[in-house]
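K.L.:
Before I ask anything, let me first share the structure, which is written out below as structure tokens.
The values are calculated or read from the model by the stated rules, or taken from the named source; none is laboratory data. Since the structure is predicted, the reported quantities are computational estimates derived from the model, not experimental observations. All Cβ positions, even for glycine, are placed from backbone atoms using ideal geometry, and neighbour counts span all protein chains on display.
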Amino acid sequence: MADESRTEQATPRRRQRARREGDVPRSREFPAALTLMAVVMFLWWQPQNWKDAWRGLLEQSLLYGTHGDMGAGAPMLNAVAWKVCAWAGPTLALAWLVALAGSFALGGVVVAPAALAPKPQRLNPANNLQRLFSLGGMQGLLKSLIPSACVLYLVAAIVARDWGELMQISTMGARPSLAWMLSHIFEISWKGSLVFALWSGFDVLISRMNYERQIRMTRQEVRDDVKETEGHPQVRGRIRRLQREMRRRRMLRDVARATVVITNPNEFAVALEYKPETMAAPVVVAKGRNFLAQRIKREARWHGIPVVENPPLAQALYRATEIGQAIPAKLYTAVAEILAFIFRTQRMAASVSRAGAR
């Protein structure tokens, strides 16, 4: 019975762990159906080749029987073995390749040594009987009976359709009767393989649903998995706080190279750097609100950087720009007026200081 507390979808880490243990969605019917259809199509695609091969073998056998010594047997056995290998070899190779591809199509290539470890509980007859008469065992039995019943129905329908021809087959010659039987065998084969292929698609869907239900997790398991993957929430929170503090310290150090700090005056503070010879537009080197804004203003005063109160411009710069970005074009005029005033004031101060020095 499924655990009702397992209501959460499996996390990526849980899926990886299941894959390492060899637990992936598989379907036995899917590769078998693909193999059957591929073999039937392959034999239908080259009927002339294998007919010629067996005709040649029969002619060679008659030749040995009339002109050779059948008692020796070695040449005849070699010829039979070669013909059988030449006819069955490509078919068996194709069947093996298709079966391998069908097995890997669902779960991929999985190397799981843990799945090869011996499990004594598998050898327990009581567990095997319980599994046989469980809902899963009945499901496997039904999965085998339903397509088999469909194939039997197809065979019965084909026989009932051509019953008259079947009753007259004894009056046909050997070649027409053989051709009639082979055509009907091929019809039954490709229709039966189509039934198994359609059923295997349904089985793949069922296998995936069972697999997803099997690897479900409880809410506590999901929380534990997240903790193991990303670390404890308190540790992550402390790391984020340290990272924010490092960014703030770096930003406050960058205030030293600002040209002007525009304030709200108490809520917002935006530090701009502008070098006319190297910059096309002023760049935001620091910004902050409330307590961080006060620290930016304190750093600016410490380094002798002008602090200008312009509440609308400070709010617009804070909301429209990020640190390291140039100011938007729509704010060029307002910022240019402040920078021009600062540059004029600095030139006047420099000229006054030079005059006093003379």
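K.L.:
Looking at this structure, is Gly173 surrounded by 14 or more Cβ atoms within 10 Å (Cβ to Cβ) and either over 44 Å from the mean Cα position of the chain (by Cα) or modelled with pLDDT under 80 (or both)?
P.N.:
Details: surrounded by 14 or more Cβ atoms within 10 Å (Cβ to Cβ): no; either over 44 Å from the mean Cα position of the chain (by Cα) or modelled with pLDDT under 80 (or both): yes.
Here the answer is no, as Gly173 does not meet what is asked.
K.L.:
Within region 143-201, can you find the residues that are closer than 23 Å to Gly102 by Cα and in a loop (DSSP other than H, G, I, E, B)?
P.N.:
Of everything in region 143-201, nothing turns out to be closer than 23 Å to Gly102 by Cα and in a loop (DSSP other than H, G, I, E, B).
K.L.:
Pull out all pairs, ordered by first then second residue, where Cβ-Cβ is under 7 Å, the residues are six or more apart or on different chains, the first lies in region 137-155 and is more than 12 Å from Lys191 (Cα to Cα), and the second is at pLDDT below 75 and not hydrophobic (A, V, I, L, M, F, W, C).
P.N.:
Gly137/Arg131
K.L.:
Assess whether Asn310 counts as being surrounded by 12 or more Cβ atoms within 10 Å (Cβ to Cβ), at pLDDT 85 or above and in contact with a helix residue (DSSP H, G or I) (Cβ under 9 Å, 6 or more places away or on another chain).
P.N.:
yes
K.L.:
Any residue that is under 30 Å from Gln16 (Cβ atoms) and more than 29 Å from the chain's Cα centre (by Cα) - is there at least one of those in region 198-208?
P.N.:
No, region 198-208 has no match at all.
K.L.:
State all residues of region 209-227 that are exposed (fewer than 15 other Cβ atoms within 10 Å of the Cβ) and either under 27 Å from Pro31 (Cβ atoms) or among the small types (Gly, Ala, Ser) (or both); if no residue qualifies, say none.
P.N.:
Scanning region 209-227 gives Met209, Asn210, Glu212, Arg213, Gln214.
K.L.:
Please verify whether region 282-298 includes one or more residues that are touching a Pro at 6+ places or on another chain (Cβ under 7 Å), β-branched (Val, Ile, Thr) and outside any helix (DSSP H, G or I).
P.N.:
Within region 282-298 (the criterion being touching a Pro at 6+ places or on another chain (Cβ under 7 Å), β-branched (Val, Ile, Thr) and outside any helix (DSSP H, G or I)), the answer is no, since none of the residues qualifies.
K.L.:
Here's a follow-up. Can you tell me which residues in region 188-212 are aromatic (Phe, Trp, Tyr) and under 20 Å from Leu106 (Cα atoms)?
P.N.:
Phe196, Trp199, Phe202, Tyr211
K.L.:
Still on this structure, I have one more. Given the conditions (1) surrounded by 15 or more Cβ atoms within 10 Å (Cβ to Cβ); (2) farther than 29 Å from Glu245 by Cα; (3) among the polar types (S, T, N, Q), report the number of the one that Thr263 does not fulfil.
P.N.:
Status for Thr263: all satisfied but (2).
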